[in-house]
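The structure appears below as structure tokens.
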There are 2 protein chains.
Amino acid sequence: MNSPLALAEQVRCGTAVPQRRAIAKAITLLESTRTDHRAQADELLTALLPHTGQAFRLGLSGVPGVGKSTFIEALGLYLIALGHRVAVLTIDPSSSVSGGSILGDKTRMERLSVHEKAYIRPSPSSGTLGGVAEKTREAMLVCEAAGYDIVIVETVGVGQSETAVAGMTDMFVLMQLPNAGDDLQAIKKGVMELADLVAINKADLDPDAAVRAQAQITSALRLFTQHGRDRGQWMPQVLQLSALRNTGVDAFWAAVDRFRGIQAAEGRLQARRRQQALAWMWERIEAGLKQDFRQHPAVQALLPQLTVDVEAGRLPASTAARHLLAARTQAA
Amino acid sequence: MNSPLALAEQVRCGTAVPQRRAIAKAITLLESTRTDHRAQADELLTALLPHTGQAFRLGLSGVPGVGKSTFIEALGLYLIALGHRVAVLTIDPSSSVSGGSILGDKTRMERLSVHEKAYIRPSPSSGTLGGVAEKTREAMLVCEAAGYDIVIVETVGVGQSETAVAGMTDMFVLMQLPNAGDDLQAIKKGVMELADLVAINKADLDPDAAVRAQAQITSALRLFTQHGRDRGQWMPQVLQLSALRNTGVDAFWAAVDRFRGIQAAEGRLQARRRQQALAWMWERIEAGLKQDFRQHPAVQALLPQLTVDVEAGRLPASTAARHLLAARTQAA
């Protein structure tokens, strides 16, 4: 393995195949769980960091079957034609269970995956959601340092991964099928409120349903999202598109551009990123503290019985918490 | 101060004025920040716990001016007429700033506050939201052990206190004014999804607007809440009422009873409480860990500069988190 600084140089200034290899090596280093690799990874990241932040970070979520891959392929090729370089990263919350990512499967995006101006990386295949999100966040920085100016982070609309994706991107898009209304249970709690934009895909399959869904979601967004605060002049929008027929991609990107312009003009883009970075730092600190806590011998000795007692209503939850915290301190 | 066990006995078996005094003493003990009091408080709580859990716990939130007090007074008197004993507790997230609770002001509920079958307790007036919520949760147990079979926990619809209230009650009700639609920015992110029931108060002031609001919110709830999972057969409902004219209170309580029946029949009420107790234990553990972390000398020495570096984009957030966690461990 090259030194972290040499690798950073290759990521930034390499071209074509050598650069792709350097990016892959860098991300592999970041994903390693070996302790000595972690120190090198931190060195690499710190070297790359000044060269990041120029890209636009687009988050995208939707249930399986909504057509994310087809849409990302169409969008990616459209953006490349406009002169952009596009990186696609994936967070698959199930990958740690299945041991591999089906989402990041490059064969899903046949044309984009072989394009020299695109870089596609599947989800890290092990670890907690927090760990997977951390690796993806770091991989995003590598891609930015390598000059990809549009980074798309996709996730599947099950589990908590949407919050993680919205927490690392400049704009969060939720893809929906046209059958809105009673059948929309698939939208997880809290996810709709993350959406800066809702895209109704496969609108051509049932145009009437798509129109109804657009009206319903628009009305619901008005009730559920706090405009005038988080997003400035931007009011979350609902668009129709058909990735398969390649319609709506230009309107989609026009909306993204409008959002980006408004946010940048109001200084919200930078504010959102600062806030995300701090929130991320604390998220990792809390995960680390909790892990240390759970591994403490005194806690491991007490936790099972106290959990049973709290669940059974024999012990107040706050008393149990105090016992556990005290046990850890006294035994330290 | 009596012994915790004697106090528990007075809370449970006292009558009239002596019992009220015991309740007040018990809650004051629970709210004390003195370390020796905390041990007594834990003893008191553990003694009371077997005698709790029989009450129905109703959470209620709404923005200032929505008419919560007037409604709670009407509801409380209605329930007392049905033979219930009613306790009203308040979580005011601003009380730690203002140094006192305006929400719990007994003069807001003139008739209920002097009724022998009602007990009203204002918000604890100091501490973080987590601390205030903990005290309220414990006060709720005291009231239950004293035989109050309906406990209403109210909060004002600003801040994060709705999540805390929903996390300690069997049913969460959101009160709204009839001017739904574009003006509903006041609904905080994630709050609508907590609602098992939405009550549109002051419906008589603008009946047309109330009907529109009811339709809009019903439609939005259908899109945003995950029925069929958390709530079983219950689909969140939207009711109109007028607390001032005392209309709709019976329909409101009928809906609460229906919810309660469905939840109890499906075993969800107990499951929800077990889940709440465990979540609460972990919430307090995490708060304790974070507080210890922030007070650690090595962390205090590093945190300000690392925070600045992360905000400025000079240091990756995950690297900063690792530095801080390592500093704490090495210095221990």
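Throughout, read-outs are computed from the coordinates displayed, never taken from laboratory work. Here the structure is a predicted model, which is why all the values come from computation and not from measurement. Glycine also receives a Cβ, built like all others from the backbone with ideal geometry; neighbour counts cover every protein chain displayed.
Of note:
- With a 10 Å cut-off around each Cβ of B:283-295, the average count of Cβ atoms from other chains is 5.
- Label-point distances for B:E116 to the equivalent site in the other copies, using a point 7 angstrom along Cα→C-beta, read 9.2 nm when ranked shortest first.
- Shortest first, B:G232 label-point distances to identical copies amount to 4.9 nm, with the label point at 7 Å from Cα along Cα→Cβ.
- Cross-link table B:K68/B:K117; A:K25/A:K117; B:K25/B:K68; B:K68/B:K135; A:K135/A:K290; A:K25/A:K290, entries beyond 23 Å C-alpha to C-alpha: B:K25/B:K68; A:K25/A:K290
- Three-way shape label, chain B, alpha-carbon gyration tensor, a/c 1.5: oblate
- Cα gyration tensor shape of segment A:1-44, rounded if a/c is under 1.5, else prolate or oblate by comparing a/b with b/c: prolate
- Of all DSSP beta bridges in chain B, antiparallel share, percent nearest 5: 5
- Antiparallel DSSP beta bridges within the protein assembly as shown, percent to nearest 5: 5
- Fluctuation leader among A:I285, A:I262, A:I150 - chain A, Gaussian network, Cα springs under 10 angstrom: A:I285
- Inter-label distance for A:S113 and B:A251, nm, one decimal - labels placed 7 Å from Cα along Cα-to-Cβ: 5.7
- Extension gain for the segment A:Q291 to A:R212, taken as residue separation times 0.36 nm less the Cα-Cα distance, is 23.8 nm to one decimal.
- A:H51-B:C13 pseudo-label distance in nm [points 7 Å out on the Cα-to-Cβ vector]: 7.9
- Farthest toward positive dipole pole in the protein assembly as shown [+1 Lys/Arg, -1 Asp/Glu at C-beta], among A:A220, B:S161, A:A243: B:S161
- Remark: the A:A264-A:A279 segment gains 3.3 nm on full extension, using 0.36 nm per residue and subtracting the alpha carbon distance.
- Segment B:238-323 shape via C-alpha gyration tensor axes, a/c threshold 1.5: prolate
- Relative contact order of chain B: 16 percent, from C-alpha pairs under 8 Å at least 6 residues apart in sequence.
- The other copies place their B:A6 label points at 8.0 nm from this one, listed shortest first, where each point is 7 Å from Cα along Cα→Cβ.
- Helix runs (DSSP H) in chain B reaching 15 Å along axis by Cα, Kyte-Doolittle at least 0.0: B:16-31, B:68-81, B:129-145, B:207-224, B:249-265, B:297-311, B:317-331
- Applying 1/(1 + (r/R0)^6) with r as the Cβ-Cβ distance of B:A6 and A:R314 and R0 = 22 angstrom yields a FRET efficiency of 0.55.
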